[in-house]
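Enquirer: Handing you this structure, nothing more for now.
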Amino acid sequence: ENEEVQDISKALGCGILDKVNIKKLRYGKIAIAADADPDGFDIVCLILVLFYVLMPEIIQEGKLYWAQFPLYEVSINKKMIFAYNDEELEEIIRKNPNATYTRNKGLGEMDPDTFALAAYGEDARLLQFTIEDAEEAARILNVLLGKENEQRTEYIFNHVDFSIVDGE
């Protein structure tokens, strides 16, 4: 009954749950796009799980992708390249000390030319999701959003770097 899910279902044309007919899918590839920060990653995981629960056939047929967008735009001698995370940025800066960079605020803040280059250029990153990716995302969401407090606490204490929270 969710309006957004209904919109996705209508756009794809293949139905949901027990009414999925992959032959009616209107697209050869479906790309999930979100900001390149942790909030964007959370959104990608939620949408991946939505497909896993409502339309797993799309994942099984290899039609669901993650359109990764750069976190940084780096300028080296008037040529722009992208860095998708802090480690890539550090590597580029190490190799090109005169490089300048800007951090992307989000997809909505990108100018159209940069968006097109990041989405469709030769260096665009389009990663195909597998059913195993979706199962792992669903498992983690169940731990984090489920009713088992002990599981959630264990997961958080094993996966969060608390030195960042403490300001160290």
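The values are calculated or read from the model by the stated rules, or taken from the named source; none is laboratory data. Since the model is a prediction, treat every value here as computed from it, not as a measurement. So basically every Cβ, Gly included, is an ideal-geometry build from the backbone, and we count neighbours across all protein chains shown. These area figures cover heavy atoms from the full protein model, side chains too; ligands, DNA and RNA do not enter into them. Shrake-Rupley method; radii C 1.70, N 1.55, O 1.52, S 1.80 Å.
Enquirer: For residues that are among the small types (Gly, Ala, Ser) and either in a loop (DSSP other than H, G, I, E, B) or more than 17 Å from the chain's Cα centre (by Cα) (or both), tally how many sit in region 117-132.
Expert: Count: 2.
Enquirer: Going through region 116-125 one residue at a time, which ones are without any contact (Cβ under 8 Å) to a residue 12 or more places away in the chain and open to solvent by 70 Å² or more (accessible area, probe 1.4 Å)?
Expert: Taking region 116-125 first, the residues without any contact (Cβ under 8 Å) to a residue 12 or more places away in the chain are 116, 120-122.
Residues satisfying the conditions are TYR120, GLU122.
Enquirer: Condition first: assigned to a helix (DSSP H, G or I) and in contact (Cβ under 8 Å) with a residue 24 or more places away in the chain. Can you find one or more residues in region 102-112 that meet it?
Expert: Going residue by residue through region 102-112, those that are assigned to a helix (DSSP H, G or I) are 107-109, 112.
With in contact (Cβ under 8 Å) with a residue 24 or more places away in the chain added as a condition, the list becomes 107.
Within region 102-112 (the criterion being assigned to a helix (DSSP H, G or I) and in contact (Cβ under 8 Å) with a residue 24 or more places away in the chain), the answer is yes, since at least one residue qualifies.
Enquirer: Given the conditions (1) closer than 20 Å to ARG103 by Cβ; (2) crowded, with 19+ Cβ neighbours inside 10 Å; (3) of a type in the set (Phe, Trp, Tyr), report the number of the one that TYR52 does not fulfil.
Expert: Every condition holds for TYR52 apart from (1).
Enquirer: Can I ask one more? Given the criteria exposed (fewer than 12 other Cβ atoms within 10 Å of the Cβ) and closer than 30 Å to GLY13 by Cβ, does GLY108 qualify? Reasoning before the result, please.
Expert: On the way: exposed (fewer than 12 other Cβ atoms within 10 Å of the Cβ): yes; closer than 30 Å to GLY13 by Cβ: yes.
Yes; evaluated as a whole, the condition is true for this residue.
Enquirer: Any chance you could count how many residues in region 1-35 are open to solvent by 40 Å² or more (accessible area, probe 1.4 Å) and either touching a Pro at 6+ places or on another chain (Cβ under 8 Å) or among the hydroxyl-bearing types (Ser, Thr, Tyr) (or both)?
Expert: Let us first name the residues in region 1-35 that are open to solvent by 40 Å² or more (accessible area, probe 1.4 Å), namely 1-4, 6-8, 10-11, 16-19, 21-24, 26-29, 31, 33, 35.
With either touching a Pro at 6+ places or on another chain (Cβ under 8 Å) or among the hydroxyl-bearing types (Ser, Thr, Tyr) (or both) added as a condition, the list becomes 27.
Qualifying residue count for the region: 1.
Enquirer: Something else: Please specify each residue of region 133-161 satisfying the condition of being charged (D, E, K, R) and either under 16 Å from the mean Cα position of the chain (by Cα) or assigned to a helix (DSSP H, G or I) (or both).
Expert: Those that are charged (D, E, K, R) and either under 16 Å from the mean Cα position of the chain (by Cα) or assigned to a helix (DSSP H, G or I) (or both): ASP133, GLU135, GLU136, ARG139, GLU150, ARG152, GLU154.
Enquirer: Please indicate, with yes or no, whether at least one residue in region 71-79 is within 20 Å of the chain's Cα centre (by Cα) and assigned to a helix (DSSP H, G or I). Quick ask: steps written out before the conclusion?
Expert: In the first step, residues of region 71-79 are kept if they are within 20 Å of the chain's Cα centre (by Cα); the result is 71-73.
Okay, now just the ones that are also assigned to a helix (DSSP H, G or I), so none.
Checking region 71-79: not a single residue is within 20 Å of the chain's Cα centre (by Cα) and assigned to a helix (DSSP H, G or I).
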